[in-house]
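Okay, so here's the structure we're looking at.
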Amino acid sequence: MIIDLDDADVLIVVDVQNDFLPGGALAVANGDEVIDPINGLMRRFAHVVLTQDWHTPGHISFASSHAGTMPFSTVELSYGTQVLWPDHCVQGTRGAAISDRLETARAELVIRKGHHAGIDSYSAFMEADRRTPTGLAGYLNERGFRRVFCAGLATDYCVAWTAIDARRAGFATYVIEDACRAIDMNGSLAVAWRGMETSGVVRTACANIA
Ligand code: VGL
Ligand code: ZN
């Protein structure tokens, strides 16, 4: 199904940052393969927003902050189960920078998330405590956008949570599957797609975006 874009559409480019690319601290397999498709998409959209994972040193989502734990294990925190990650996307570091192969000149907003030391945030809308908003819903509403299109890294974490929260915020929401790559740990990608489909997120591809 071909989707005709208009001025009420916004492309959200999720976390195309050095740490999620090959050689990075939390490299997503083939994560660099999203860059060319996203550069192509950004030329087609009238409006583009970027997200940037932006953690404090010693962030609560880092295994290094919890004695005796290993990356990719989980712990129970006040807000629920947290996957523990290698240190990544620390504020101001080269790893946290958006890839310089991404053609970002036309992006209208960069929204940073995960900057509270004690709360993670996969979603660009709502932090992991599910009560602390980032402000993105207000921004998109105030701009008059009605449809949100998501691409980037990683499909099963930040892209999925962002897309599901975009639906919760009332936007028609699309995930452009071939402009995303996943971490896919313990079946997380299948779980994420089920969650997105249950929420009414539409799964589409670059070729469908006119
Ligand atoms: C992400 C794990 C931790 C992501 C961010 O961008 O999907 N995943 N922080
Ligand atoms: Zn993170």
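The values are calculated or read from the model by the stated rules, or taken from the named source; none is laboratory data. Everything numeric here is computed off the predicted structure, so don't read it as measured data. Glycine gets a Cβ as well: all are built from the backbone with ideal geometry, and neighbour counts include every protein chain shown. Ligands, DNA and RNA are stripped out before the accessible areas are found, and what is left, the full protein with its side chains, is counted by its heavy atoms. Shrake-Rupley method; radii C 1.70, N 1.55, O 1.52, S 1.80 Å.
Brief remarks follow.
- The relative contact order of the chain comes to 25 percent, based on Cα pairs under 8 Å that sit 6 or more residues apart.
- Solvent-accessible area assigned to carbon and sulfur over region 2-155 amounts to 52 percent, based on a 1.4 Å probe.
- Listed peptides 159-172, 197-210 appear in the order 159-172, 197-210 once ranked by packing, highest mean of other Cβ atoms within 10 Å at the front.
- The H on the amide N of residue 109, modeled in the peptide plane, is under 5 Å from the matching H of 50, each at least 5 residues off or on a different chain.
- Span per principal axis, largest first, for the Cα atoms of region 1-80 (Å): 51, 30, 26
- Cα centre as origin, Lys/Arg/Asp/Glu Cβ charges: the chain dipole, Debye: 340
- Convex hull per residue volume in Å³, alpha carbons only, for the chain: 110
- Amide H contacts of residue 62: 85, each under 5 Å away and 5 or more positions distant or on a separate chain (H built 1.01 Å from N in the peptide plane; Pro and chain starts excluded).
- Computed over region 1-108: relative contact order in percent, which uses C-alpha pairs under 8 Å that are six or more apart: 32
- Antiparallel DSSP beta bridges within the chain, as percent of all bridges there, nearest 5: 20
- Solvent-accessible area per residue for the chain (1.4 angstrom probe, square angstrom): 43
- Mean separation of Cα contacts under 8 Å (6+ apart) over length of region 76-194, as relative contact order %: 18
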